[in-house]
1. Semi-axes, largest first, in whole Å: what does sqrt of 5 times each Cα gyration tensor eigenvalue give for region 196-387?
2. What is the order of Arg158, Arg195, fewest Cβ neighbours within 10 Å to most?
3. Over 32 Å between Cα atoms: which of Lys19/Lys228; Lys343/Lys389; Lys92/Lys343; Lys126/Lys240; Lys19/Lys343 fall into that group?
4. With r defined as the distance between the Cβ atoms of His391 and Thr18 and R0 fixed at 25 Å, what FRET efficiency is calculated, to the nearest 0.05?
5. Taking neighbour counts of Cβ atoms within 10 Å as a proxy for exposure, in what order, fewest first, do Met318, Met286 appear?
6. Modelling each spin label as a point 7 Å along the Cα-to-Cβ direction, I'd like the Asp103/Trp267 distance in nm, to one decimal.
7. Using label points projected 7 Å from each Cα along Cα→Cβ, tell me how many nm separate Ser241 and Arg129, to one decimal.
8. Under a 5 Å amide H to amide H cut-off, with H placed in plane at 1.01 Å, what residues pair with Val186 once short-range neighbours are removed?
Amino acid sequence: MKPYINITQFINLTVAHTKEVTRQPAVLFWGIVFPILLSIGLGFAFTREAETVHTVGWVADSGNGPAETDPGVVRSVLGDVTEAFGQELAFKDDGRFGLTLPDDKLGDTIFIFEPGTWEASVVRLKQGRISLIVEAKPDQADTCGPVFHFDPQNPEARLVWHTLSPLLESASTEEIRGNKSHTASVSPLALPGTRYIDFLIPGLIAMTVMMSCMWGISYGMIDKRSKKLLRRMVATPMVKSHFLGALMAVRIGINIVEAVLLTFFAWLLFGVVIQGSSAALAMIFMAGNIAFCGMAVFVSSRTANTEVGNGMINAVVMPMTLLSGVFFSYHNFPEWTIGVIEKLPLTLLVDGIRAVFTEGAGIAETAPAAAGLFTIGAVFFAAGLKIFKWH
């Protein structure tokens, strides 16, 4: 009777499989080295000193005039923070000013105020550049306190309000206030496009396009190549570009259906509406599909190993999913990374779709991003077509 466990056989099979894996450097790189490199890169990029930075909008009036950033007016609204906390307001050349609250145990808390008109501040709020708007009331007879405008359903905005509102009230002095009340008030925003769900839906649409193209085209083609299915197609009278183009057409059709359904249910359940041009939305959406279809063809143009394919696809989708502002604004990342993030294909697509949804953008506003995405798709498709192999 054969033993239930054959240790020698198990060891020999394990050694054989180990040799099979280690003889493929690409498998080792994408399975072991790449995750380490990714963690190191993200660690250097997003590990900063123990500090929390909150960026808020500053509007000195509710009209269309320029925001008032005169230090005297600012202090009349924010109070004497120097006396209360020993920290002076820091005014910069670009008009921004900030306040730093030191904390040796929990890390510093930094508030950066970005001045602008009401309309400009609302746009920044929709883009996720700021978390709330502080409206100054320096000229009113009954109050000199600030008014906070934000979406009550936004957790970050509520956190900033809870932190900043008591700070401003406790920093005021009788000498500055006179006989006025220095009570901060809250005005919940009900403007279309200012809710977090309005910010999220465009990001989800863009991410769905990327994931569908990269996994639907790339992994499907790699899997067919590994199963020798593409080898059989060589014998047919088929043009290579027609084969790849058909894959792209099917994937784009699926993406259109997914985007329409997602938009419909977002409108039905949450009241999300498209404020901009439908033509502009169609243009940027198609450009994004072309870009990621081209990238998918390039990624899957040669390899027949599904493990290598997994690594290559993740190398494309993971960084952009984290960086490109799908779930939260990429302006929360360090300043030196913003210029690079803004040029990523997913960032171009997310910003373009979000501009149409929340800012009322038209063809003129989305044309540069669409042109960039079309170019990316054409370049990668041409390169992938050039190096493509059937087996």
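Every number here is computed from the coordinates shown, using simple stated rules; none is lab data. The shown structure was predicted, so the numbers you read here are calculated from the model rather than taken from an experiment. Note: ideal-geometry Cβ built from the backbone for every residue, glycine included; neighbour counts use all protein chains shown.
1. Values: eigenvalues 185, 64, 46 Å².
Equivalent ellipsoid semi-axes, largest first: 30, 18, 15 Å.
2. Numbers: Arg158 16, Arg195 21.
Listed from fewest to most nearby Cβ atoms, that is Arg158, Arg195.
3. Details: Lys19/Lys228 23 Å; Lys343/Lys389 30 Å; Lys92/Lys343 27 Å; Lys126/Lys240 44 Å; Lys19/Lys343 41 Å.
Cα-Cα > 32 Å for Lys126/Lys240; Lys19/Lys343; rest within.
4. Numbers: r = 26 Å, r/R0 = 1.05.
Rounded to the nearest 0.05, the efficiency is 0.45.
5. Numbers: Met318 14, Met286 18.
Ranking Met318, Met286 by Cβ neighbours within 10 Å, fewest first, gives Met318, Met286.
6. 4.4
7. 4.2
8. Close amide H contacts, sequence-distant or interchain: Phe148.
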